[in-house]
1. From the list 304, 337, 297, exactly one residue is surrounded by 21 or more Cβ atoms within 10 Å (Cβ to Cβ) and in contact with a helix residue (DSSP H, G or I) (Cβ under 7 Å, 6 or more places away or on another chain). Which is it?
2. Could you please let me know if residue 331 is surrounded by fewer than 21 Cβ atoms within 10 Å (Cβ to Cβ), more than 19 Å from the chain's Cα centre (by Cα) and in a loop (DSSP other than H, G, I, E, B)?
3. Just checking: which of the strands (runs of 3 or more DSSP E) contained wholly in the stretch 83-196 hold 1 or more residues that are modelled with pLDDT under 95 and surrounded by 14 or more Cβ atoms within 10 Å (Cβ to Cβ)?
4. With the requirement that a residue be under 20 Å from the mean Cα position of the chain (by Cα) and not in a loop (DSSP other than H, G, I, E, B), what does the stretch 274-290 give you?
5. Residue check, residue 406 against (1) modelled with pLDDT of 95 or more; (2) crowded, with 21+ Cβ neighbours inside 10 Å, all met but one. Which one?
6. Going through the stretch 243-260 one residue at a time, which ones are out of contact with any helix residue (DSSP H, G or I) (no Cβ under 8 Å at 6 or more places or on another chain) and assigned to a strand (DSSP E or B)?
7. Select from the stretch 62-76 the residues that are touching a helix residue (DSSP H, G or I) at 6+ places or on another chain (Cβ under 7 Å) and in a loop (DSSP other than H, G, I, E, B) and list them in ascending order.
8. Given the conditions (1) at positive phi; (2) modelled with pLDDT under 95, report the number of the one that residue 206 does not fulfil.
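The values are calculated or read from the model by the stated rules, or taken from the named source; none is laboratory data. Computed from a predicted structure; not experimentally measured. Cβ sites come from the backbone with ideal geometry, for glycine too, and all protein chains shown count toward neighbours.
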């Protein structure tokens, strides 16, 4: 969403009150990771008036770029590399941001306040921001090394997939989360025969309500996508070093000249763990996004943070979360309030379906559907103890906008019975309760 949202939470509500904080404005900031979160920290620091040294470490050869289009418009050839770049190369020199491309940080020396690079050099910091993101989940099964087997996270991955798609006919997708379904939607639009295997019993089960899952599953079936639930892969079969088929955990076999893994991702925590920072479903931070070392922040997909509403720690894979947390850190580092209280929101585009999510529906005990699932225009209002906690919309952007406003300002009184009455309108409720 778009990001690709996998929201995961910790049941242990620990506000991390033991984490320290520093009010001293740093003179040098090193940012590890140049995705949405890392790039935005650098930009926001300059926008907030920070005039110290900024180093942005990018582990890829391409200038920092957007990732969400990789599984959609870029894969379909509708966008080129230049359109994905956050900024052209000149932007970094003009704004005195030291951009260090195609290298990675291999260690953090907290005592000396420096990071060690793979090249053997090091960067000193007054404050360090870890925006290290995710790594793809893989399956330890035979055949994953064959030509024609792909993950999808980088431009290089998308380029390789796009090149292989021109010759592929039978495409297997492993995992029916956001990445898997977005790729399946793109592949079916290109006329490929697509089969999706999902271990759970519905699509996008970790992120959306059953009502939303149903509409998306039916849409994919109408596009010719075959979805098989309760099944994973046992092995990828090959011939001459290339994939020719797959065998599932139910012992069925299917032709395949391309296999794409969309199993989600896990946070990069090795740097943090090896340097002694606290790790729990990501790099654990407090409400100001500080780690257990007050000279180090962690943000974006890798960070486990306390939500403003409950205090429970969650980790969100979301462009909105990454950029808003980056802005919060930039404010804190320049002496302003840096508590992170933004409302989470996400999206996913799959052919003619636009999914938009406001809030977190985790733990709902009642859902109310407004609109028309049959017409693929609907919103699902999720309640917990009669309190609205999230709204998931398909092709109803006005509902999404209203929901974000309502949830952001604490929500007026709304219970499931009121939402279920004839003529209930989320936009009208928002307009009359400002």
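1. Residue meeting the stated conditions: 297.
2. Judged against the criteria, residue 331 is not a match.
3. Passing ranges, in order: 134-136.
4. Scanning the stretch 274-290 gives 279, 283, 284.
5. (1)
6. Residues satisfying the conditions are 243, 244, 245, 246, 247, 248, 253, 254, 255, 259.
7. Listed by number, the residues that qualify are 62, 63, 64, 66, 72, 74, 75, 76.
8. (1)
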